[in-house]
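Report on one structure; see the data block that follows.
We did not get these values from a lab; they are worked out from the coordinates using the rules stated. This one's a predicted model, so the numbers in the text were calculated from it and none came from an experiment. Cβ atoms come from the backbone with ideal geometry, glycine included; neighbour counts cover every protein chain shown.
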């Protein structure tokens with residue numbers, strides 16, 4: 001007798017559909033019960049700048065429809081989250097304007113010189129670029145290009161999942177692994193392991209100390225939301 005597989009297949013399909021619906025219905029700036037159990041915390045409450053410090057002019061960062069919105073006003077500065085972190089997982093969503101430019105910084109130990117004393121994962125409107133560079137979305141800026149271009153068009157929400165564990169930095173963009181570096185290979189200031197130059201005055205193998213998490217104002221409208229952190233120390 002042929003086994004009755006259709007009901008099982010049907011139940012599997014229904015389960016998959018329900019899981020998809022549950023994910024789709026998850027509201028921004030909230031933690032699931034499982035995330036809470038796993039030790040995740042929200043860095044942005046979806047309503048205010050509480051827990052963040054603006055370095056730049058007034059009005060450069062506001063809360064807009066449940067998102068941290070960089071207005072681009074002032075054309076520079078950063079938005080720093082409270083606390084310092086060394087080893088962690090960071091998840092967030094971002095949306096860029098056409099030709100928008102920003103960055104997610106972490107392990108930044110000097111607020112007066114964040115570019116040279118922290119690691120930046122690039123946020124950029126580089127949708128459609130066939131071969132992304134060290135300056136495109138998903139890059140560890142000026143250090144290593146992403147392995148693929150996984151960013152969505154300007155105006156659509158993207159997701160980052162960044163993992164920092166001692167010398168290891170891993171970046172997922174929209175669910176796809178696009179970058180991984182071992183900082184111990186960067187032994188010389190201003191130079192990458194492949195011999196290409198970078199702009200930094202410190203060797204990147206020093207970027208293992210605790211530091212601030214920050215979002216960059218590069219003079220363009222950018223939005224961030226659902227910023228979640230899981231300390232690994």
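Points to keep in mind about this one:
- For residue 182 and residue 230, the difference between the fully extended length at 0.36 nm per residue and the C-alpha to C-alpha distance is 15.2 nm.
- On Cα atoms only, tilt of 6-25 relative to the major axis of the chain in degrees: 30 degrees
- Sorted from greatest to least, the principal axis extents spanned by the alpha carbons of the stretch 29-231 come out as 45, 36, 33 Å.
- Neighbour counting of Cβ atoms within 10 Å sorts the residues 80, 172, fewest neighbours leading, into 172, 80.
- Relative contact order for the stretch 29-231, counting Cα pairs under 8 Å that sit 6 or more residues apart, in percent: 31 percent
- With contacts taken as Cα pairs under 8 Å at a separation of at least 6 residues, the stretch 161-233 carries a relative contact order of 19 percent.
- When each of the peptides 84-91, 31-38 is scored by how many other beta carbons lie within 10 Å of its residues on average, the order from highest to lowest is 84-91, 31-38.
- Residue among 163, 119, 57 with the largest mean-square fluctuation in a Gaussian network model of the chain, springs linking Cα atoms under 10 Å: 57
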